[in-house]
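Down below is the structure, laid out as structure tokens.
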Amino acid sequence: PHRGGAVVSFPVTRIRRLTGSARLEVDGKDVTPAYGRLTVTVDGVEFASPVGKKGEFYLEDVPAGRHLAALEYRGVTCSFTLEVPATEDARASLGTVRCAVPAGAEALR
């Protein structure tokens, strides 16, 4: 109506961004898992990121704590524990995360 108004609610949620780079350890050597995939599982919910050319990854809304993670690269899956810090910041850098490839992963040799 004339001189009327409206109230509109916008549900807002905070996005928590996690960035970092991934490396695989194969026979004592550092390997960048370029164009691989990083997956983190929390209580049955999967958070995934493609891995960039230099090993970089980006995840959103992964809760703080220690979580099962897996790096998939050239047919090999390397499992490890990813530690996500408890912080109020909207962005957190995890630095370089590393995973040692188990012996016998011939696809990377």
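With the whole protein complex present, Val76 retains an accessible surface near 20 Å², based on a 1.4 Å probe. Take every pair of alpha-carbon atoms less than 8 Å apart whose residues are at least six positions apart; their mean separation over the length of the range 23-109 yields a relative contact order of 29 percent.
With all protein chains present, how much of the accessible area of the chain (probe radius 1.4 Å) comes from carbon and sulfur, to the nearest whole percent? Don't skip to the end; give the middle numbers.
Values: 3630 of 7190 Å².
Of the solvent-accessible surface of the chain, carbon and sulfur hold 50 percent.
Put simply, the amide H of Gly36, placed in the peptide plane, has neighbours under 5 Å in Val51, leaving out anything fewer than 5 places away on its chain. Summing Cβ point charges (Lys, Arg +1; Asp, Glu -1) relative to the Cα centre of the range 1-76 gives a dipole of roughly 360 debye.
Restricting the calculation to alpha carbons of the chain gives Rg and Dmax of 18.8, 76 angstrom.
For Thr87 and Thr19 in one chain, what is 0.36 nm times their gap in residues minus the Cα-Cα distance, to one decimal in nm?
Values: separation 68, 0.36 × 68 = 24.48 nm, distance 1.39 nm.
Answer, rounded to one decimal: 23.1 nm.
Please work out the FRET efficiency for the pair Leu68 and Val12, using the Cβ-Cβ distance as r and a Förster radius of 22 Å; give the result to the nearest 0.05. Could the numbers behind the result be given before it?
Details: r = 30 Å, r/R0 = 1.37.
After rounding, the FRET efficiency stands at 0.15.
Per residue, the accessible area of the chain comes to 66 Å² when a 1.4 Å probe rolls over the protein heavy atoms. Here Ser9 sits with roughly 100 square angstrom of accessible surface, probe radius 1.4 Å.
So for each of 12-18, 63-69 I average, over its residues, the number of other beta carbons within 10 Å; can you give me the resulting order with the highest mean first? The partial results should precede the final answer.
Details: 12-18: 11.4, 63-69: 14.0.
Taking the mean over residues of other Cβ atoms within 10 Å, the ranking is 63-69, 12-18.
Here the range 15-63 was treated as a single set of alpha-carbon atoms; its pair distances binned every 10 Å from 0 give 26, 48, 23, 3 percent.
The values are calculated or read from the model by the stated rules, or taken from the named source; none is laboratory data. This structure is a prediction, so every number in the text was calculated from the model and none was measured. Heads up, the Cβs are rebuilt from the backbone with ideal geometry, glycines too, and the neighbour counts pull from every protein chain shown. Accessible surface is based on the protein model in full, side chains and every heavy atom, while ligands, DNA and RNA are left aside. Shrake-Rupley method; radii C 1.70, N 1.55, O 1.52, S 1.80 Å.
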